[in-house]
Amino acid sequence: MGVIAKNTSEARWVREFGQPASFDDDLGTLGAWVGPRTGHDRRDKGQKEDYVLRRFLVALKRSNRLRFPLKIEATRDEPNQPDFTIAWPDGFTMGVEVTEATTPEWQAELTRSEEREARGPLLTESASAPDISELIAKRIAQKGKKFDEGAYRGTDDCVLIIYENAEFGGFRDKSADLNRLRKASIALTGFSAVHFVAAERVWLDILGSQELVDVSKSYEIDFANWIADQVEKIRLQGDEGLDLSNISEELEALGRRDRRALKSHLRNLLVHLLKWQYQPQRRSDSWLRSIGNARAEIEDILSDSPSLKSFLEEQIDAEFEKARAQAIRETGLGSNSLPDDCPYKVAALVDDDFLPE
């Protein structure tokens with residue numbers, strides 16, 4: 001799933017959404033990221049549900065299925081209620097119940113992969129990846145039974161969202177599995193539709209019309225990817241009367257701006273971590289503030305543009321070399337006093353509680 005997380009999700013919250021033009025501002029940071037699988041900042045149930053809801057809402061908006069204005073309330077802590085309730089001014093309400101399709105064995109494999117800082121190919125080719133169609137069918141049956149027993153009845157309508165808890169898309173050939181599932185004539189007890197979310201891809205109404213919406217390049221999901229996509233569209237499609245050359249250059253400049261800022265904050269963070277570790281006698285609140293501020297800036301950028309996480313990882317070695325040279329100048333320590341290679345992992349760099357000793 002997403003990039004980093006600092007706090008657990010609130011059990012109860014209410015958000016109002018005015019018009020499509022203000023949709024991104026209304027979403028704010030809701031579901032923008034989700035924590036890692038392990039450690040003290042590990043993802044919790046509320047985080048995962050908010051993360052899935054954000055992608056579902058963006059997919060609905062992109063497919064012109066989201067009616068404005070609306071209000072959404074997290075009702076997951078209320079007995080027998082769906083996780084979320086969406087209400088419109090005309091009084092109509094829709095419940096949204098979120099559930100996960102996985103197995104304990106597969107989640108254990110994903111956890112091991114994350115700890116090894118593995119990338120997509122390892123996960124997508126993993127032999128332990130389960131059959132998504134079977135898991136979805138089981139979850140539909142389980143949730144349908146609860147509906148029959150009186151759950152999720154507090155709204156006029158209720159939909160079920162099933163999500164895959166894997167950042168890199170662990171299930172193989174999802175479209176084929178979902179098409180097979182649609183042909184299986186599964187009964188939808190109580191729910192009007194079932195949707196499926198896997199990373200940045202959302203399948204709407206998987207047992208009916210089945211529309212695939214890729215939200216990875218949506219403005220509300222990943223700003224950097226959105227910029228790159230807009231630049232490519234302008235260059236390929238064009239539009240008479242627009243200064244396409246300058247527009248595309250300006251958009252590219254915006255993308256470069258975030259990359260430059262990310263490199264700068266990373267370098268500043270590394271400098272102060274080195275100073276903290278190798279000059280313990282001079283540790284101060286000022287250094288702590290610098291470390292905290294750098295992490296906050298990095299978090300803000302990655303929250304807006306999760307795709308830049310890979311860019312951050314790619315820049316660590318180069319920025320560490322610069323940070324090391326700067327730390328040597330500022331501390332007066334000899335070059336032999338500091339390590340040649342970066343001793344900090346990405347997870348530690350973005351962990352608010354990590355300080356090297």
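Taken together, the values in this text are just the output of simple stated rules run on the coordinates, not laboratory data. Here the structure is a predicted model, which is why all the values come from computation and not from measurement. Here Cβ is always computed from backbone atoms with ideal geometry, including for glycine, and neighbour counts include all displayed protein chains.
Structure summary
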| item | result |
| --- | --- |
| Environment charge of A228, counting only residues whose C-beta is closer than 9 Å and scoring Lys/Arg +1, Asp/Glu -1 | -2 |
| Cut-off under 5 Å, modelled amide H: who pairs with E100 long-range | Y163 |
| Listed residues G91, G144, G18, most fluctuating in the chain (Gaussian network, C-alpha, under 10 Å) | G91 |
| Given charges at beta-carbon only (K, R positive; D, E negative), |dipole| of the range 244-349 in Debye | 520 |
| DSSP-loop trypsin sites (Lys or Arg not before Pro) across the range 252-327, with at most 16 other Cβ within 10 angstrom | R283 |
| Prolate/oblate/rounded call for the chain, Cα gyration tensor, a/c under 1.5 rounded | prolate |
| Beta bridges by DSSP in the chain, antiparallel share as percent, to the nearest 5 | 60 |
| Which of K143, K233, K183 has the fewest Cβ neighbours within 10 Å, and the rest in rising order | K183, K233, K143 |
| Computed helical MRE - 222 nm, the chain, DSSP H runs ≥ 4 contributing -39500 (n - 2.57), nearest 500 | -15000 deg cm²/dmol |
| Nearest-20 debye value, the chain charge dipole, Cβ charges on Lys, Arg, Asp, Glu | 420 |
| Point-charge dipole on Cβ atoms (K/R +1, D/E -1) for the range 193-234, about Cα centre, debye to 20 | 40 |
| Entries of K275/K345; K61/K143; K71/K309 with Cα pairs more than 20 Å apart | K61/K143; K71/K309 |
